Amino acid sequence: MPVTERRRTSARRDSLLGDQPGAFASARYQRITPMKARRVTQMIHGLPVDDALALLQFAPQSAAKTVYKVLESAIANAETTEDLDRADLVVSNCQVDEGPTMKRWRPRAQGRATRILKRTSHITLVVTPRPEPVQRASAGSKTKGETTNRKKGKA
């Protein structure tokens with residue numbers, strides 16, 4: 001019976017990053033609504049991590065504090081486990097999923113009650129190294145007879 005080698009990566013890491021270098025961090029069951037948290041994470045998506053941290057530090061939204069802590073954790077994970085340089089990291093993926101909702105009741109007039117929904121969020125941030133810029137061919141490298149303004153139907 002052959003002995004199988006144990007995988008070094010988790011299934012969660014494979015689903016978020018695949019084979020590319022990078023790290024992630026998540027905060028689960030946070031008492032902030034997913035819509036409010038998504039508004040903050042959309043601001044930092046695609047930014048270098050130092051710019052994202054500066055933006056979150058001065059953002060007026062209450063979710064910015066939680067997202068700041070998750071981003072710091074993702075950066076620390078990238079530096080320690082993946083040996084990546086902090087200056088090259090970019091926020092590449094932001095996920096805010098809905099967690100369980102707590103149901104509470106508020107008394108109203110004439111003996112009635114209304115339901116209060118206290119929503120929770122699962123926040124996941126992924127940081128990866130900055131992609132290398134793609135080298136484009138220079139404009140003067142066209143062959144003789146090649147034109148750029150071709151119209152439909154004409155060859």
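Okay, here's what the table says:
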quantity: Between the range 17-50 and the range 53-86, the alpha-carbon center distance in angstrom; calculated: 9
quantity: Long-range HN-HN contacts of LEU47 with modeled amide H, under 5 Å; calculated: VAL91
quantity: Residues PHE58, PHE24, sorted so that the one with the fewest Cβ neighbours within 10 Å comes first; calculated: PHE58, PHE24
quantity: Per-residue ³J(HN,Hα) for the range 20-27, Karplus 6.51 cos²θ - 1.76 cosθ + 1.60, θ = phi - 60°, Hz, x for Gly and Pro; calculated: 6, x, x, 8, 9, 8, 9, 10
quantity: Derived scalar couplings ³J(HN,Hα) [the range 49-58; Karplus, 6.51 cos²θ - 1.76 cosθ + 1.60; whole Hz; x for Gly, Pro]; calculated: 5, 5, 5, 5, 5, 5, 5, 5, 5, 10
quantity: Order of ILE116, ILE32, ILE123 - criterion: other Cβ atoms within 10 Å of each residue's Cβ, fewest first; calculated: ILE116, ILE32, ILE123
quantity: Per-residue Cβ neighbour rank within 10 angstrom, fewest leading, TYR68, TYR29; calculated: TYR29, TYR68
quantity: 5 angstrom amide H check on ILE32, placed H, neighbours 5+ away; calculated: SER121
quantity: Contour excess over end-to-end distance, with Cα ends at SER73 and ALA54 and 0.36 nm allotted per residue; calculated: 5.3 nm
quantity: Residue-span extension gain [ARG106 to TYR29] - 0.36 nm each, minus C-alpha spacing; calculated: 25.4 nm
quantity: Rounded FRET efficiency, nearest 0.05, which uses the C-beta distance separating LEU117 from ASN93 and R0 of 22 Å; calculated: 0.20
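Values quoted throughout were computed directly from the atomic coordinates according to the rules given, and no laboratory measurement underlies them. Since the structure is predicted, the reported quantities are computational estimates derived from the model, not experimental observations. Heads up, the Cβs are rebuilt from the backbone with ideal geometry, glycines too, and the neighbour counts pull from every protein chain shown.
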